[in-house]
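No value in this document is a laboratory result; all are computed from the given coordinates. Note that the structure is a prediction, hence the values are computed from the model and not measured. So basically every Cβ, Gly included, is an ideal-geometry build from the backbone, and we count neighbours across all protein chains shown.
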Amino acid sequence: MLKMALRSHPLIALAALLWVSGALAATAANALVVTSPPLPVGWNLISVPLDPIDADPPAVFKDPSGDPIPISGNLYRYDHDAGGYVAYRSFDPSPFGTAKRGEGYWLHLGAPARICYDAHPISRLELHLATAGWYLIGTPKNSTVALQDIEVTNEAQARTVGLYDAIYAEGWLGGKLFWFDSANGYATCGFDAWADADHLEPWRGYWVCAQAADLCLMVPFDEVPPTGLITAYDGQFWLDGQPFRFVGANIRGMAHYGEGDLLPFSQSGDRQVNCAALRNEMQGRVARIFVASKLASTVEIGDRLRDTIAVAEAYDIYLLVCFTDMYNASQMHPMGDEVYYTVPGPGYAMLNHEFWSSGHTVNYLPLVRYLVNRFKDEPRIFAWELGNEIRDLSSTATFITSCQTIHDEIRAIDPWHMITVGVSRSMAGFSYSQAVDLYNDRFDFLVGHPYNGEDWEDDTGLAASLGKPFMVGEAGFNSDFYSDRPSQTDADIAKWIGRGARGYLQWGFMATSYDIGDGDWYFGVDHALHDDWIPYMQVYSYWGNLLSAP
């Protein structure tokens with residue numbers, strides 16, 4: 001255990017962090033990507049908030065683009081047993097060892113940088129302070145921790161109190177914690193009015209003085225991932241520790257079946273019909289649905305999603321939940337958003353600039369918050385999708401800012417479900433650098449909607465460069481121009497899987513014996529409007545079985 005005096009020079013003050021974790025999920029399915037705030041030029045006293053998947057220092061100390069941060073001769077750890085510092089040297093890395101949550105590091109930067117690495121999530125952390133003296137600790141999660149949420153146990157007395165009482169009532173700890181600001185020197189963290197902060201920030205190191213022996217500081221975590229959740233990591237989707245590849249379909253209006261408004265010819269039992277066909281005939285695993293309705297209240301939309309989830313669960317199907325539609329023709333947008341559909345299109349209107357600059361906060365964002373909060377622990381949610389083919393045709397910059405804001409609102413409520421934008425780089429009008437900036441820090445996977453075998457929405461290369469999955473979110477072949485659509489689709493799936501796509505969703509899937517209004521005259525797969533259902537199911541069942549094989 002650490003016992004040392006606080007010194008004035010930062011290099012002398014470096015010490016080991018002694019976090020001891022509870023059980024860790026050791027599979028890639030539970031991985032998170034964590035990114036530090038900008039670190040300035042010069043010496044930085046840092047810690048890593050979560051255990052790295054790959055603990056080799058060059059794998060941890062990378063920037064968000066995956067480029068290495070120069071650490072040879074610039075990164076130091078403190079060897080408590082030896083009483084000295086060990087530098088990382090690329091030509092002889094073994095003395096330094098691996099990077100750990102549980103150690104503090106001095107990192108000298110010649111240029112500003114951010115650290116980005118893949119990490120294990122954790123559920124609870126304990127820091128043991130065996131003897132009196134100074135300890136250097138770090139925030140053991142990738143978000144702030146209020147001092148009032150920290151508990152302290154005196155193991156010799158078998159008593160646990162809050163940090164405030166541990167300081168002021170029991171005298172177990174010194175009155176302030178100290179952190180190092182690269183520009184201004186040491187600052188304080190504490191409960192009194194003169195402290196610079198009252199919470200711990202991730203990636204920082206903090207000095208704390210134990211004034212009693214056998215203390216244990218505990219930081220609880222509420223954010224434990226639900227079991228059976230699909231996650232994205234290392235360019236793939238993961239489920240229960242195994243790569244998850246799939247075929248599936250857009251059953252766009254399924255949440256609204258039997259409600260008598262958007263799809264008046266549908267029945268609630270059509271959910272079962274479609275899900276049964278998707279799972280049993282198609283061997284599909286994912287259904288994409290448009291959850292909003294201009295004719296339903298927020299609570300009603302939530303109830304419709306609840307009922308749809310129940311059916312999906314019965315057939316072992318996951319739902320990609322799309323919050324709104326770029327086009328007003330579907331009427332699958334939040335109530336009140338009709339006023340924002342003023343951009344003319346061929347037979348429909350599209351969302352305007354006002355929606356992205358401010359209008360999305362009026363109806364859309366409250367609906368998103370409600371649904372995410374209500375279903376944040378639901379494992380049948382494959383991912384949240386901001387919208388179908390959404391974009392700002394007047395300002396790409398405004399659209400990017402809005403997407404970032406919406407993402408952050410969702411992530412603040414739901415730390416685990418994947419989030420995607422719902423539009424390809426080409427359709428949205430992003431430059432390559434804009435797409436990298438948008439997707440790198442926030443969104444979990446990329447999508448494209450390539451029809452008729454087209455390639456202009458191919459973002460597989462971009463996804464691979466970011467280490468994120470790509471999936472085909474919509475696809476189909478126009479029955480007016482393709483006489484053997486199943487064969488064309490077979491070749492198309494092979495092409496996209498060969499390029500690295502992890503999933504492929506057919507557009508316009510409608511398994512009912514009659515037209516309920518949820519298919520597509522040109523691109524759909526159904527019994528009512530086309531005559532190629534059986535060969536289509538043969539193609540999809542082949543790929544569904546192939547992709548699900550270990």
(request) Could you tell me which helices of the chain pass both thresholds, a Cα extent of 30 Å or more along their own axis and a mean Kyte-Doolittle hydropathy of at least -0.5, with helices taken as whole DSSP H runs? (result) none
(request) Net charge near P64: determine it from the other residues with C-beta under 10 Å of the C-beta of P64, scoring Lys and Arg +1 and Asp and Glu -1. (result) -2
(request) Hey, could you get me the Stokes-Einstein D for the range 452-518, Kirkwood radius over alpha-carbon pairs, 10 °C and 1.306 mPa s, rounded to whole µm² s⁻¹? (result) 119 µm²/s
(message) When 1/r is averaged over all different Cα pairs and the result inverted, which Kirkwood radius in Å belongs to the range 59-206?
(response) 17.5 Å
(request) Kindly put M418, M282 in sequence by how many other C-beta atoms sit within 10 Å of each C-beta, fewest to most. (result) M418, M282
(message) Could you tell me the relative contact order of the chain? Use alpha-carbon pairs under 8 Å, at least six residues apart, and round to a whole percent.
(response) 13 percent
(request) Determine which lysines satisfy two conditions relative to K176: a Cα distance under 18 Å, and not lying fewer than 8 residues away in the same chain. (result) K3
(request) Would you please give the FRET efficiency between W456 and W521, computed as 1/(1 + (r/R0)^6) with r the Cβ-Cβ distance and R0 = 25 Å, to the nearest 0.05? (result) 0.60
(request) With both partners inside the chain, how many of the DSSP beta bridges are antiparallel, as a percent to the nearest 5? (result) 70 percent
(request) State, as an integer percentage, the relative contact order of the range 243-548 based on alpha-carbon contacts under 8 Å between residues 6 or more apart. (result) 20 percent
(request) Whole Å is fine, so just give me how far the alpha carbon centre of the range 123-193 lies from that of the range 380-412. (result) 38 Å
(request) Take E409, E457 and order them by how many other Cβ atoms sit within 10 Å, fewest up front. (result) E409, E457
(message) Expected output is a single nm value to one decimal: the length gained when fully extending between Y164 and D54, i.e. 0.36 nm times separation in residues minus the C-alpha distance. What is it?
(response) 35.9 nm
(request) Excluding M332 itself, calculate the net charge of residues whose Cβ lies under 9 Å from the Cβ of M332, where each Lys or Arg counts +1 and each Asp or Glu counts -1. (result) +1
(message) Just want the answer: with Cβ charges of +1 for Lys and Arg and -1 for Asp and Glu, which residue in I381, T144, G345 is farthest toward the dipole's positive end in the chain?
(response) T144
(request) Would you indicate which of (i) 1.49; (ii) 1.09; (iii) 0.93 is the value of Cα Rg over 2.2 N^0.38 Å derived from the coordinates of this structure? (result) (ii)
(message) If each residue of separation counts as 0.36 nm, what is the full-extension length gain between E126 and V86 once their alpha-carbon separation is subtracted?
(response) 11.8 nm
(request) Would you mind counting up the charge near H128? Only other residues with Cβ under 12 Å from its Cβ, with Lys and Arg at +1 and Asp and Glu at -1. (result) -3
(request) Take the Cα atoms of the range 326-426, find their three principal axes, and give me the spread along each one in whole Å, biggest first. (result) 39, 26, 23
